[in-house]
1. What value does segment 602-648 have for Rg/Rh, both radii from Cα atoms and Rh as Kirkwood defines it?
2. Scan around Y412 for amide H atoms under 5 Å from its own, H built in the peptide plane at 1.01 Å from N, and keep only partners 5 or more places away or cross-chain.
3. Can you put H363, H374 in order of Cβ neighbours within 10 angstrom, beginning with the fewest?
4. Convex hull over the alpha-carbon atoms of segment 4-135: what's its volume per residue in Å³?
5. Please list, ordered by chain and number, the residues whose modelled amide H lies under 5 Å from the amide H of S11; skip anything fewer than 5 residues away on the same chain.
6. Lys and Arg at +1, Asp and Glu at -1: add these up for the other residues within a Cβ distance under 15 Å of P520 and post the number.
7. When the chain is fully extended, how far beyond the present Cα-Cα distance does R47 get from S59, taking 0.36 nm per residue of separation?
8. Considering amide H positions built from the backbone, and no H for Pro or chain starts, which residues 5 or more places from G301, or on another chain, come under 5 Å of its amide H?
Amino acid sequence: MKYDKLINPRSIVVVGASDNILKPGGSVLHNLITGSFNKELYAVNSRGGTIQGVKAYKSIEDIPQTDLAIISIPAKQCIDTVDFLAKEKGVKAFIVFSAGFSEESEEGAVMEKELAKVVEQADVIMIGPNCSGFFNTKHQSIFTRPVPNLSTDGVDIISSSGGTITYIIESAMRIGLRFNSAWSIGNAAQVGIEDILEHMDQEFDPETSSKIKLLYLEKITDPDRFLHASASLINKGCRIAAIKSGSSASGSRAASSHTGAIASSDSAVEALFRKAGIIRCFSREELANVGAVLSLKKLKGRNLAIITQAGGPAVILTDALSEGNLNVPEMNKELAAELKKHLLPGAAVSNPIDIIGTGTGEHMAFCIDFCEKHFKEINGIAVIYGNPGVSNVAEAYDMLDKKIKTSKLPIYPILPSVISAIKEMDDFVKQGHVNFTDEFALANALSKVSAWTPPSLGKIEDIPVDIPRVRSIIDKTKDGYIDSDTIRMLFEAAGIPQVQELVTNDKQEVLQFAKKTGYPVVAKCVGPIHKSDVGGVVLNIRSDEHLSLEFERLMNIPETTEVMIQPMLSGQELFIGAKYEPGFGHIILCGLGGIFVEVLKDVASGLAPLSFNEATSMIRSLKSYKIIQGTRGQKGLNEKLFTEIIVRLSVMLRFTPEIKEMDINPLLANEKDVIAVDARIRVEK
């Protein structure tokens, strides 16, 4: 697919042009006239004459040969119009604003397929239908406004939604982010997110190409292509942040009504993004702020100095950074005492460094230089400087501009006076800077960027898993939930630590096993899928008499064929699960067991096969990770072994697509061991 006539056309025609700039055909013409396009521009309107000063042709039959056509006419006229322009007028690229296709009705979906067939047969490229357009530094073929500041080193944005791309751009403009290109793909009848990413990957030039991509997605049609193109771009030096909407049931319905999208499950999206190395965002503001962080110098560590005019915002920032596993280290007393000599009375210098409300631009600049030269523990500096009415804000922002441009460390400006210093803020941003305005938003974005892990596409860790034996076991199993003996064999082949157990319908064997391993023991019925629901799990059995009674009761539970007995172990419950998602492969889930997974839904997901880095990232992204680390005097769990088990299972699952569902719940863990206690596996061939 050739993109050159879309990206750099020598001529553009607007079909459905209008003098009314509140109509798409009028608005896009206005944007083209007032923008950077300086080549041949034509308009088509049945009235003829001139439209916004551009010669208007009454019919598409009358226009000269043209590279790019923008279509803003009723949906039912689009197929014939596109077909004629492609065959007779040499048009090689189309942007179709027109709505009324698959997003609206079954009849519209049929028309959309026919439209896509026409462009494919003509070997031309089409963005849309039901889109708001495309822009880059060469032409602004989009009907929405405002058009942002454009720069070849700005960000690229791709969006499924025309309205959403506009609002994201506005959020980004407010904080100073610049753009290189914007792609509103609408229904993506021909060109989808995967196609654009592949094009960007193929054409990527480390010297000239934009290195930041922002995505708003309502569907991922081909996860494998999406993964490969994204990971390839990131491995070449790009960074990608994305919102995937429609992950909840109600959100999926909203997405479907909007552009005919079908949402993938949230865990699958999370796993896909993690493997590709994409930073996941959940709001327009968050996406814009992450883009702004990525546009600055890279933070090479986790320690920040905070220079502020006011104590409160610095405390908010410190707390938010801590929540995101970033640090605000204390400055040593000797260094702090030296710094204090150069500041006003009342200044606090331990970090955060509070230069107080009357602190000037000179004080701020001195603190930046001092921290960079002497405060060796830090990797970046956040500066909070507003307008309390007692300092020269313009002068201070000029100094901040110079420090950002000359400092070796990244400096994050938080300029919060969005009313009283609006002109000074605008002037600062116009010098090429971003401004976060809110300290919590910065901390959240910085935390996401700092937690980033690189792509691990196709990587299978060199870890001993007996794949031939695994395959032999799976080949012999039947569809459905497999028995505990088969699970045990699979886990042995994969190297998963397991609790000792006996499965039998013989009471004497059960009693002998208990005497050998020692009491207390656990007994479970074998047969029913949900053992707890039928009273099929008994804990803390401490004698032969108790075990005999429970054995008989368990054997009388309907569908029970045998009883499983295990020594009763102690430790923190962990959880590992897996589900096969068509198009994605196996999604691996992990978390703490019990209430954490069942009620709080505190789980992380990854896409098999997992690298050690991915598995570690999953574990450390859990809200309950502090329990794994050890908290309130309790010892931490064996995180290294937990990580290894996740990786081993992911390798096993990579070679067993027949396994559709798996739960290991619980694994019991302490500082030494992580042992699988119970598991369920469903096979479907």
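1. With Rh from the inverse mean 1/r over Cα pairs, Rg/Rh is 0.99.
2. Those lying under 5 Å, H to H, from Y412 are I381, A382, V383.
3. Neighbour counts put them in this order, fewest first: H374, H363.
4. Dividing the Cα hull volume of segment 4-135 by its residues yields 93 Å³.
5. D67, L68
6. Spelling it out: positives minus negatives among the neighbours equals 0.
7. Values: separation 12, 0.36 × 12 = 4.32 nm, distance 0.93 nm.
Going from the current span to full extension adds 3.4 nm.
8. none
Where a number appears in this text, it was derived from the coordinates with a stated rule and is not lab data. Here the structure is a predicted model, which means the values were calculated and not measured. FYI the Cβ positions are ideal-geometry reconstructions off the backbone, even for glycines, and counts take in every protein chain you see.
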